[in-house]
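Asks: Can you keep this structure in mind? I'll have questions shortly.
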Amino acid sequence: MKIVIVGGVATGMSCAARLRRLDEHAQIVVFERGEYVSFANCGLPYHMGGVIRDRERLLVQTPESLKASLNLDVRVFTEVTAVERTAKKVTVRDVRTNRTYEEAYDKLVLAPGARSLRPPLPGLDHPAIFELRSISDMDRILARMGTGARRAVVMGGYIGIEAAENLRLRGLEVTVVEKMPQLMGPLDPEMARFLQEELERHGVRVWTGCGVTGFQDRNGEVMVQTEHGAIESDLVIFALGSLPNADLGKAAGLQLGAFGGIVVNEQMQTSDPEIYAGGDAVETQDFVSGRATYIPMAGPANRQGRIIADNLCGRDSRYRATQGTAVLKVFDLTVAMTGLNEKALHKAGLTYRKVYLSPSGHAGYYPGTAPMRFKLLFTPDGKRILGAQIVGRDGVDKRIDVIATAMRGNLGVWDLEHLELAYAPPYGSAKDAVNMAGFAACNLLRGDVELWYAEEFDQLPPGAVLLDVRGPSEFADGHIPGAVNLPVGQLRAGHGTLDKSRAYYVYCKVGLRSYLAYRILKQHGFQAKTLSGGTDFFPTSSATPADTGCTPQGSPLQSSARQNKQNMQTNNEESEIRTVGLDCMGLQCPGPMMRLRETITTLKPGDVVDISASDPGFPSDLAAWCRSTGNQLVESHPIPSGICARIRKAVPPVAAAARAPAGRRKKTFVVFSGDLDRVLAALVLANGALSMGDDVTLFFTFWGLSAIRREQAVATTGKGLIDHMFGWMLPRGLSRLTLSKMHMAGMGTAMMKHVMAAKQVASPQELLASARNQGLKLVACSMSMDVMGLRPEELLDGVEIGGAASFLAEADESNVTLFV
Ligand code: FAD
């Protein structure tokens, strides 16, 4: 039997390899129009980001290795251009030579994959706009990055998010632009929010609800035109999604479906029994709804290739629908899903119930875990699980796989309660997250708990009471408008103050305390419901492109709940709250504090900064900075390589109250030394103090004057010989300063500069520039200048000249004076 396969990657090669294992005598010809077969397309974003360093690792096989190991006839650079079904032959074209020829088949397998969705946007042919589907696409992107590209715009879902992360890892400024109000359509909006926050936390700008209208060239750059303004960019990743590559099948008269994919039966046979098809080119049946679906993913593609081979070899092997199980890494977060989401269930007209919960990835007392956000959807009788979405830091992938397996095994939520899953503190909890999801769902179905959801907030019944059962300080920090506070610990004693004629809508942060409160209230005869998942599942505002006026167009659920959350965050602040991500990983002290201060000055009171930093001194610096400036340290928690923290900008009265009583926070440093290390120390301290909102004056005297000399020689008049001699001896500017010790004829100083650069410590020049941007005052001592023969024009612009009196006056006003 001669089998011809079109497409030599996931489906095609999985089919070819299985065929050979089952039939040693079959003639197997694989046509692949690209340069590579069997390459790891899922790894492309990671090579782009430098995570997979060696490009060769993506090239799993070659035609030669496949010939040697499996006796396959693999022809690369060869495109199949037509199928003649009656004659049972294909026409092929060598894309390098343009030579065409025909190849007969007994059975044909179509595995040509997908093509990118490309709406007709003006300027889409700009050379700096790239898809990411193949090795050559990746090579082109890397080449563009190699030309010094600094800014990237990414459009798209799954692949786009992976590309955004990896471009950011390579240091580019990245903006993700999404027409829909949320990222990642397969997630529900309240779950997608966590993913967006993670991107923003790592410095990726995310513009949701913002369609791209076209592209324009500007001196080789791409101006990405959006509905709300233009974004300058050096490269664009255009990954809007995939369409089935069904042209060959269509031209051959094969039946296509509603998604434009080739229609196949369970054996992956097309409407022509001699032709099989699989992978991204076909549409399949959805496992949950039973309807046609198009989910182009590697798992289904590989399994389908294998099933095709089985059937070609006379076995009865059937594909059992596509479930949409997927997992995605977004910086420190894992995002995973299986089955249908709420939007899809609505669309399919299926009734469902849902629970939200936040179990830990593993035992909370064992380091390195964090709560995962877990959403479970199931039938009202609990006999079928319809879908799950999980977002978290550890253990997300195994939980989604357990749920996916449970769905395949037709287990219901009743069964999840009883699953016996592996446990030791580093890996899980004695009540595993999956058990917990089962408990939560079964509690609901048994009537042990009545839930309310964020989207109901706008329609609470008249007279309903919002009862916040968190601690008073949490309540004071922010709460849902109109809520009253009665901490769960006081409820047993205090429920007598509540009114039994009213319905209590209880809530807390993650749903546990409010569940306990609910149980107490119910057993004392109150009407109550508890907020599923707690306020953590209320969608917040996103970092919108406020600078261009682009705002997210959320669903009713989002907008009402977003407003609630904003009110919760600020109490009285009525305007839109922004959350800004700030990635300071790798920056050394005082870099993170400097960047935080710069960022927070651009925000308005109540706005939030999510910062991540790896500098080991940052946690204590941050706490001190917040105490001193009145900004609120909302939370901080360790991450594998540092910490991440959330800071809310102080509303003015708080900030004012936090200032020193006399309102005189001034630091004066005398820079006497011209040694690099001493000047550096003075600049670091100055930046730190400025970050904390203090005024700082650096008073340069004697050798210290070298630090504020211009680098270039300046023509001066009236200098005597001694003045000139001092001028030659006194180094000109920061770049010429040397270490006080171990200078070693320049080697030590050069080494120090190299180490500082490698460890991302800001250079003295950067520190000086940053401090000056923050208002640093530079004063040169007039007496020293005179003695050293320096003229004012030899100093940097903006340096004031002062005498002892001005120093003493500054020192008198300062609460700290240092001599460096
Ligand atoms: P492909 O693997 O795309 O192979 C089709 C091949 O057919 C192509 O090489 C093409 O050149 C060739 N071809 C097309 N037409 C012709 C013709 N006329 N003649 C000859 N050859 C032809 N899925 C996941 O599940 N997880 C992931 O993490 C993931 N990451 C991804 C990352 C990227 C960057 C990309 C692009 C995809 C990713 N996917 C992922 C999707 C997954 O790779 C695809 O679903 C899967 O490869 C589809 O397999 P396929 O065989 O149908 O198509």
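The values are calculated or read from the model by the stated rules, or taken from the named source; none is laboratory data. Quick caveat, the model's predicted, so the values are computed rather than measured. All Cβ positions, glycine included, derive from the backbone under ideal geometry; neighbour counts span all protein chains shown.
Asks: Do we have Val4 as crowded, with 19+ Cβ neighbours inside 10 Å, more than 9 Å from the ligand (Cβ to nearest atom), under 20 Å from Asp247 (Cβ atoms) and more than 35 Å from the chain's Cα centre (by Cα) here?
Replies: yes
Asks: Okay, moving on. Kindly evaluate Asp217 against the criterion of being out of contact with any Gly (no Cβ under 6 Å at 6 or more places or on another chain) and in contact (Cβ under 8 Å) with a residue 60 or more places away in the chain.
Replies: Yes, satisfied.
Asks: Looking at Gly746, Gly798, Gly802, can you tell me which residue is small (Gly, Ala, Ser) and touching a residue at least 60 places away in the same chain (Cβ under 8 Å)?
Replies: Gly802
Asks: Can you tell me which residue is surrounded by the most Cβ atoms within 10 Å (Cβ to Cβ) among those in region 273-284 that are more than 11 Å from the ligand (Cβ to nearest atom) and part of a loop (DSSP other than H, G, I, E, B)?
Replies: Glu274
Asks: Take region 77-100 and flag every residue that is closer than 17 Å to Met13 by Cα and near the ligand (Cβ under 9 Å from one of its atoms).
Replies: Thr78, Glu79, Val80
Asks: OK, next. How many residues does region 612-638 contain that are assigned to a helix (DSSP H, G or I), among the small types (Gly, Ala, Ser) and in contact with a strand residue (DSSP E or B) (Cβ under 7 Å, 6 or more places away or on another chain)?
Replies: Here the count works out to 1.
Asks: Any residue in region 144-159 that is within 16 Å of the ligand (Cβ to nearest atom), at positive phi and touching an Asp or Glu at 6+ places or on another chain (Cβ under 6 Å)?
Replies: no
Asks: Taking the condition of being out of contact with any strand residue (DSSP E or B) (no Cβ under 7 Å at 6 or more places or on another chain) and more than 13 Å from the ligand (Cβ to nearest atom), how many residues in region 7-26 meet it?
Replies: The total comes to 6.
Asks: Hey, could you check region 133-143 for residues that are within 16 Å of the ligand (Cβ to nearest atom) and of a type in the set (A, V, I, L, M) and say which is farthest from Ala230 (Cα to Cα)?
Replies: Ile135
Asks: How many of the residues making up region 101-125 are out of contact with any Cys (no Cβ under 7 Å at 6 or more places or on another chain) and either within 14 Å of the ligand (Cβ to nearest atom) or without any contact (Cβ under 8 Å) to a residue 60 or more places away in the chain (or both)?
Replies: Matching residues across region 101-125 total 14.
Asks: Show the residue pairs meeting these rules: Cβ distance below 7 Å; 6+ apart or different chains; first residue within region 6-30 and among the β-branched types (Val, Ile, Thr); second residue away from the ligand (no atom under 16 Å from the Cβ).
Replies: The qualifying pairs are Ile28/Arg20.
Asks: Which residues, taken from region 691-720, are at pLDDT 85 or above, in a helix (DSSP H, G or I) and not aromatic (Phe, Trp, Tyr)?
Replies: Across region 691-720, the qualifying residues are Gly704, Leu705, Ser706, Ala707, Ile708.
Asks: Checking the condition over 30 Å from Asp397 (Cα atoms), in contact with a Leu (Cβ under 8 Å, 6 or more places away or on another chain) and among the hydrophobic types (A, V, I, L, M, F, W, C), which residue from Leu451, Leu486 passes?
Replies: Leu486
Asks: Filter region 285-305 down to the residues that are away from the ligand (no atom under 12 Å from the Cβ) and of a type outside the set (Gly, Ala, Ser), then identify the one that is surrounded by the most Cβ atoms within 10 Å (Cβ to Cβ).
Replies: Only one residue fits best here, namely Val288.
Asks: For the condition surrounded by fewer than 16 Cβ atoms within 10 Å (Cβ to Cβ) and more than 18 Å from Lys250 (Cβ to Cβ), what is the one hit in Arg96, Arg75?
Replies: Arg96
Asks: Using the structure shown, decide if Leu59 is touching a strand residue (DSSP E or B) at 6+ places or on another chain (Cβ under 9 Å), within 11 Å of Ala16 (Cβ to Cβ) and away from the ligand (no atom under 12 Å from the Cβ).
Replies: no
Asks: Could you list, in sequence order, all residues of region 27-44 that are buried (at least 20 other Cβ atoms within 10 Å of the Cβ), in contact with a strand residue (DSSP E or B) (Cβ under 9 Å, 6 or more places away or on another chain) and not hydroxyl-bearing (Ser, Thr, Tyr)?
Replies: Within region 27-44, Ile28, Val29, Val30, Phe31, Glu32, Val37, Phe39 qualify.
Asks: In region 172-181, is there at least one residue being away from the ligand (no atom under 16 Å from the Cβ), over 30 Å from Lys343 (Cα atoms) and not in a loop (DSSP other than H, G, I, E, B)?
Replies: yes
Asks: Can you pull out every residue in region 47-67 that is within 27 Å of the chain's Cα centre (by Cα) and surrounded by 20 or more Cβ atoms within 10 Å (Cβ to Cβ)?
Replies: Scanning region 47-67 gives His47, Met48.
Asks: Can you tell me which residue is surrounded by the most Cβ atoms within 10 Å (Cβ to Cβ) among those in region 221-264 that are at pLDDT 95 or above and out of contact with any strand residue (DSSP E or B) (no Cβ under 7 Å at 6 or more places or on another chain)?
Replies: Asp247
Asks: Looking only at region 289-316, count how many residues are closer than 13 Å to Val264 by Cα, free of Cβ contacts under 8 Å to residues at least 40 places away in the same chain and assigned to a loop (DSSP other than H, G, I, E, B).
Replies: Result for region 289-316: 0.
Asks: Limited to region 586-602, what total is found for residues that are part of a loop (DSSP other than H, G, I, E, B) and either in contact (Cβ under 8 Å) with a residue 40 or more places away in the chain or buried (at least 19 other Cβ atoms within 10 Å of the Cβ) (or both)?
Replies: Residues meeting the conditions: 5.
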